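Okay, so here's the structure we're looking at.
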Amino acid sequence: MNYSIKYTIPILITFLILSCGKSDKVTNNESSGRNEATSNNNLIVISKAQFQSENMNLASLENISFPTLIKTTGVIDVPPISKAVISAKMGGYIKNSPLLIGDKVKKGQVLVTVENLEFIEIQQEYLEISEQLTYLKSEYERQKELYDEKISSKKSFLKAESEFKKIKAMHNGLHKKLKTLNINPASVENGNLTSFSTIYAPISGSVTHVNVSTGTYVSPADKIMEIVNTDHIHLELKVFEKDILKIKEGQKVIFRIPESSNKSYEGDIHLIGKSIDSDRVINVHAHIDHNIKHNFIVGMFVESDIIIDDKTSKALPENAFVDVNNKNYVLVLKTKDNDNYTFIKEEVIVGNTYNGFTEIKDNSIFKIDSQFLLGGYQLISEEE
């Protein structure tokens, strides 16, 4: 009996100590009160409270378009007909230059006035030639009439005809010169001479450069200002030789102005160059969607993607995937009740990523109505 008690008491004490330790561990776990995720192999369970507090969401597989792209760069430009460089037809001093960069002008509007005393000399010469022309025309008609009636010699008639045609050519030349200088010949014939030549806008648009001020002397080779009409703005893209055979007219273009914003705009290929420059690139002309409201400026640098092919695949938002040790995983909803969400961790093979979505190549392993956890990176990484 004493032997039995001797060995029984230590066993009971050991049992009580172990029981107390286990009880303390359970109590500590229960008292923590945190909504932690728990797992068992590939199963991950999170509480509804944790799901809501961490702003987690569920997503389903979507049919997303994944285009094949050729990346290019280029600039915003306008056709040559929409750009005008203003210069003087003859040298002179700028008398009036009221416009500033950014001013809008209409075709036919006064741009600048150029002053030169030589303009008066041209008008004087025109008046003298006009007077001679009147006399020589009359003499020519008289000689022709006499010659027809066999009264005057052929030599006299031909001389009168030659003088008349010579002065008429000079008159026409001076008349054109005055028109080019925007000086009205009819006004000159009425005795109104001027030392000013007015330059008018050849197109409507906006002033992009002004290179003169009042009093500046300009020659015909000097650029006074530049006007650009942005109604027909387009893209001039540079495509490398290796990609050019994949480019076709009508293909869609997505472009951005990286220095201004991340916003994307659309257009389409309109013309493809037929020669390669020294950098082994080809110029490609693309039209911008006319429905786009923009404030593009000629010369802006653009980055663009030319869509040469398009396919639709099953995909999920990028934040549904977790890359752990070069393997990609998703969390698929298995069950949910009033308290918990249970997910299965599945390894997947991913494809292309575009516009915030990533393609799942082996999507046949999932059901059509499968739901996936977005933002489960911490849950998966903690298990690895």
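The values are calculated or read from the model by the stated rules, or taken from the named source; none is laboratory data. Predicted model, so just to flag it, every value in this text is computed and none were measured. Cβ: placed from backbone, ideal geometry, glycine included. Neighbour counts: every protein chain shown. These area figures cover heavy atoms from the full protein model, side chains too; ligands, DNA and RNA do not enter into them. Shrake-Rupley method; radii C 1.70, N 1.55, O 1.52, S 1.80 Å.
Remarks
- Against the empirical curve 2.2 N^0.38 Å, the C-alpha radius of gyration of the range 136-270 lands at a ratio of 2.07.
- Selected from K89, K168, K104 as most flexible by GNM, with the chain as the system and alpha-carbon contacts under 10 Å: K168
- Tensor-based shape of the range 243-354 (alpha-carbon gyration tensor, a/c under 1.5 rounded, otherwise prolate or oblate): prolate
- Dividing the mean sequence gap of close Cα pairs (under 8 Å, 6+ apart) by how many residues the range 50-208 holds gives a relative contact order of 37 percent.
- Largest-first ordering by accessible area, 1.4 Å probe, given options K293, K176: K293, K176
- Reach of K89 by Cα under 17 Å, taken over lysines that are not fewer than 8 positions away in the same chain: K176, K177, K179, K223
- Whole-angstrom gap from the range 282-343 to the range 40-94, using each part's C-alpha centre: 9
- In Å², nearest 10: area of L333 left accessible to a 1.4 Å probe: 30
- Relative to the longest principal axis of the Cα atoms of the chain, helix 2-32 runs at roughly 20 degrees.
- Average accessible area per residue (Å²) across the chain - probe 1.4 Å, nucleic acids and ligands excluded: 63
- Classified by the C-alpha gyration tensor, the range 103-195 has a prolate form. Its axis ratio a/c, with a ≥ b ≥ c, is 1.5 or above, and a/b is larger than b/c.
- Comparing Q50, A160, G267 along the charge dipole axis of the chain, the residue lying farthest to the positive side is A160, per the Cβ-charge model.
- Just so you know, the Cα atoms of the range 166-234 work out to an Rg and Dmax of 16.4, 50 Å.
- Rg ratio (alpha-carbon, reference 2.2 N^0.38 Å) - the chain: 2.05
- The length gained by stretching the chain between D339 and T312 to full extension, at 0.36 nm per residue less their Cα-Cα distance, is 6.0 nm.
- The share of accessible area on the range 331-384 that comes from carbon and sulfur is 42 percent, using a 1.4 angstrom probe.
- Angle of helix 118-148 to the longest C-alpha principal axis of the chain, folded into 0 to 90 degrees and rounded to 10: 50°.
- Within the straight-line cut-off of under 24 Å between alpha carbons, the lysines reachable from K248 are K71, K238, K274, K311, sequence neighbours fewer than 8 places apart in one chain being disregarded.
- Relative to the dominant Cα principal axis of the chain, helix 154-180 is inclined by about 30°.
- Debye, to nearest 20: dipole size of the chain, +1 on Lys, Arg Cβ, -1 on Asp, Glu Cβ: 740
- As computed over the range 45-120, the Cα convex hull volume per residue (Å³): 297
- Overall shape: oblate for the range 218-295, with the ratio a/c of the largest to smallest alpha carbon gyration tensor axis at 1.5 or above and b/c at least equal to a/b.
- For K107, a cut-off of 17 angstrom between C-alpha atoms picks up these aspartates and glutamates, skipping any fewer than 8 places away in its own chain: E226, D231.
- Of R142, R256, R280, the one that fluctuates the most in a GNM where the chain has Cα springs shorter than 10 Å: R142
- For the range 148-203, carbon and sulfur atoms together expose 51% of the accessible surface, with a 1.4 angstrom probe and every protein chain in place.
- Cα-centred dipole magnitude for the range 172-264, charges only on beta-carbon of K, R (+1) and D, E (-1), debye, nearest 20: 260
- Between E149, E131, E303, the Gaussian network model of the chain with springs among Cα atoms under 10 angstrom shows the greatest mean-square fluctuation at E149.
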